[in-house]
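> Take this structure first; my questions come after.
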Amino acid sequence: MAEMQVGGLCQTHSTIRERWLRLDRFEHGVLFVAALILIYQITIPPIVGLIDNGDFFHLMSPAGFRHVSEKPEDMNVFFNSKFLFEKPGLLETHYISSELLIARVARVIGPILSKDGLFDIRVLGLMHAALLFSGIALIISAHSKLRKPSRWILSLLLVWIFTDVGYVSFFNSFYAQTASPLFLVLTAGFFALLVSKDDKKWTYFATFYFAALLFICSKPQEAPQGVLLAVIVFLAARALRTRWVKTLGVVSVAVMLMFAALCYVSSPTGVKNNSLYNAVFGDLLKNSPDPAADLAELKLSNDLLKYVGTHAFIKDSPVPQDWFKAAFYQKVRHEDLLGFYMRHPSRLWKLITRRSAKAFTLVTHYGNFEKRSGFPPGTKSSAFKIWSDFKEKVFPGSPWTLVVLFFGNIAAVALLLIRDRKSGDSWHLRLSAFGILNLMAVGAFLTSTLGDGTLDIVRQLFTFNAMTDLCLIGDVVFLIEAITRKIQKLTLYRLYAKPLGDGRGNVEACRVQSNLPS
């Protein structure tokens, strides 16, 4: 009788586990709510978007769009949802971005849906939303073997966090970094499927690899992440279990590194020059105890002291002038700036401290509404910003927060790899990828910190915040799963160990049949 009870429990648990391989009703409901939130913010007036700070032209002209009015008060004060169609340019800005692929597809769809002959940016916004929705659904589906509390928490966190207005406001815009978190989430989703499913390994590896390439080329500042992603690619290739594992891994890594290098060097000279100017004059010298001494160390003339504290976009900016190019850009590069901070670690720490103050700020200072909405210039949406408000208020804007979060996670991953060294390759691959994700977040922070000045730092840290949120979700789900596992294990022992004598053999048999963790 007792054996029949245990056998029945094992069979029931095994059946439930098999059913969990698909999305359950709760998860379908959560995804449905996610779709409603995205549609509400993107399409229902007053729709949410971002003003053009001057960066739209990098993608608008190559994609085939231009402003209805090019007056600064019409472009830079309020968000605009309507644009003119024009013939796509020939990448005259030399800006390689995966966001351009999305914009060009929108350029094809736009005229079909247009009633007034103008492009409605909500077409682009819904395409962005579809990519995000797909990535979230992939991640949830890939973790179907988790226990129900962990799966439900995972789905709730993904939807709560990534439907926040801090992310969604970018969808109705032509900013290149909009694509970064979208392809990051898709990369995570396809990778999770690769390591969790026993079939279609080649399909999941190909889609993971393609999504990773699209993430790398979303914006030049993401290109250095190709180095860390290449490590994951090499490890993931082993999951295919083919005789050409090493060859596939080496070739995949080589192609990814070359692609990342191409995306990095193809960044427009103007973009690099503006970033360097802002980093030197708008931050380094502005916060220097002796700007003249710093100029001398950088082998620059004291005649440039008058630009201390300015940015590259001031009226009568010296950036495009030939004399300034000779006096500044021919003498200083980003590598020289990095070398300066390496020689002055205390100054580097102060720089990191300044950046950390805004590290967990997700909502930019840009206004979110059109002029016809009736809101004053610069008004920001107050809907669906619970996560961004919570994050900014709860997480201290301190470099020590970054150290504890990311290096704490990396240390935990290292300990788990040592402790579980006899576990399967899938578990090791998941742990390694999570550790590398934390390293990528550190890299994203340092790239934005050293590469740009304080100007628009929240937007520059956009991808960093997406990586941080994925790391936090991973931490929470891991803890929930560990706690649930312990509770389930104790419950089984209490219910069945005592009535069956010593109980150990019976519980072990049930564990084997139903895939319970040891």
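The values are calculated or read from the model by the stated rules, or taken from the named source; none is laboratory data. These numbers come from a predicted model, not from an experiment. Positions of Cβ are generated from backbone atoms using ideal geometry, with glycine treated the same way; all protein chains shown enter the neighbour counts.
> Looking at ILE386, ILE314, which is the one that is surrounded by fewer than 15 Cβ atoms within 10 Å (Cβ to Cβ), hydrophobic (A, V, I, L, M, F, W, C) and touching an Asp or Glu at 6+ places or on another chain (Cβ under 8 Å)?
ILE386
> Considering only region 208-243, how many residues are in contact with a helix residue (DSSP H, G or I) (Cβ under 9 Å, 6 or more places away or on another chain) and part of a loop (DSSP other than H, G, I, E, B)?
Adding up the residues that qualify gives 7.
> Condition first: touching a residue at least 12 places away in the same chain (Cβ under 8 Å) and either in contact with a Lys or Arg (Cβ under 9 Å, 6 or more places away or on another chain) or closer than 30 Å to GLY49 by Cβ (or both). Can you find one or more residues in region 342-353 that meet it?
No, region 342-353 has no match at all.
> Return a yes/no flag: does region 74-85 have any residue that is aromatic (Phe, Trp, Tyr), in contact (Cβ under 8 Å) with a residue 40 or more places away in the chain and either more than 24 Å from ARG372 (Cα to Cα) or in the same structural domain as PRO220 (by TED's automatic domain parsing) (or both).
no
> State which residue is nearest to the chain's Cα centre (by Cα) when the search covers only region 335-365 and only residues that are farther than 24 Å from LEU470 by Cβ and in a loop (DSSP other than H, G, I, E, B).
HIS365
> Cβ contacts < 7 Å: first residue over 15 Å from LEU472 (Cβ atoms), restricted to region 399-423; second residue β-branched (Val, Ile, Thr) and part of a helix (DSSP H, G or I), any location; separation 6+ or different chain. Result?
From region 399-423, the pairs are PRO399/ILE352; PRO399/THR353.
> Of all the residues that make up region 390-421, how many are among the acidic types (Asp, Glu) and either surrounded by 15 or more Cβ atoms within 10 Å (Cβ to Cβ) or in contact with a strand residue (DSSP E or B) (Cβ under 8 Å, 6 or more places away or on another chain) (or both)?
1
> Moving on. What helices (runs of 4 or more DSSP H), lying completely within region 108-207, carry at least 2 residues that are among the hydroxyl-bearing types (Ser, Thr, Tyr)?
122-142, 148-162, 179-196
> Residues that are closer than 28 Å to ASP120 by Cβ and surrounded by fewer than 23 Cβ atoms within 10 Å (Cβ to Cβ): does region 224-237 have at least one?
No: zero hits.
> Which residues, taken from region 451-479, are farther than 30 Å from VAL332 by Cβ and of a type in the set (Asp, Glu)?
Passing the criteria: ASP469, ASP475.
> Let me ask something else about it. Which ranges mark the helices (runs of 4 or more DSSP H) fully within region 1-80 that have 2 or more residues being more than 26 Å from LYS272 (Cα to Cα) and either touching a Phe, Trp or Tyr at 6+ places or on another chain (Cβ under 6 Å) or at pLDDT 95 or above (or both)?
Here the list reads 25-43.
> Turning to a different aspect of this structure: I want to confirm something. Restricting to region 65-115 and keeping residues that are out of contact with any Pro (no Cβ under 8 Å at 6 or more places or on another chain) and of a type in the set (S, T, N, Q), which single residue is surrounded by the most Cβ atoms within 10 Å (Cβ to Cβ)?
By that ranking, first place goes to SER97.
> Could you say whether any residue in region 249-268 is over 30 Å from HIS344 (Cβ atoms), more than 24 Å from the chain's Cα centre (by Cα) and among the aliphatic types (A, V, I, L, M)?
The answer is yes, given that some residue of region 249-268 is over 30 Å from HIS344 (Cβ atoms), more than 24 Å from the chain's Cα centre (by Cα) and among the aliphatic types (A, V, I, L, M).
> Keeping to region 144-155, report how many residues are surrounded by 22 or more Cβ atoms within 10 Å (Cβ to Cβ) and not charged (D, E, K, R).
2
> Which of the residues belonging to region 386-435 are polar (S, T, N, Q) and not in a loop (DSSP other than H, G, I, E, B)?
SER388, THR401, ASN409, SER426, SER432
Yes/no per residue for (1) in contact with a Lys or Arg (Cβ under 6 Å, 6 or more places away or on another chain); (2) touching a residue at least 60 places away in the same chain (Cβ under 8 Å); (3) closer than 27 Å to GLN177 by Cβ:
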site	(1), (2), (3)
ALA260	no, no, yes
ASN274	no, no, yes
PHE281	no, yes, yes
ASN302	no, no, no
THR310	no, no, yes
SER317	no, no, yes
PRO320	no, no, yes
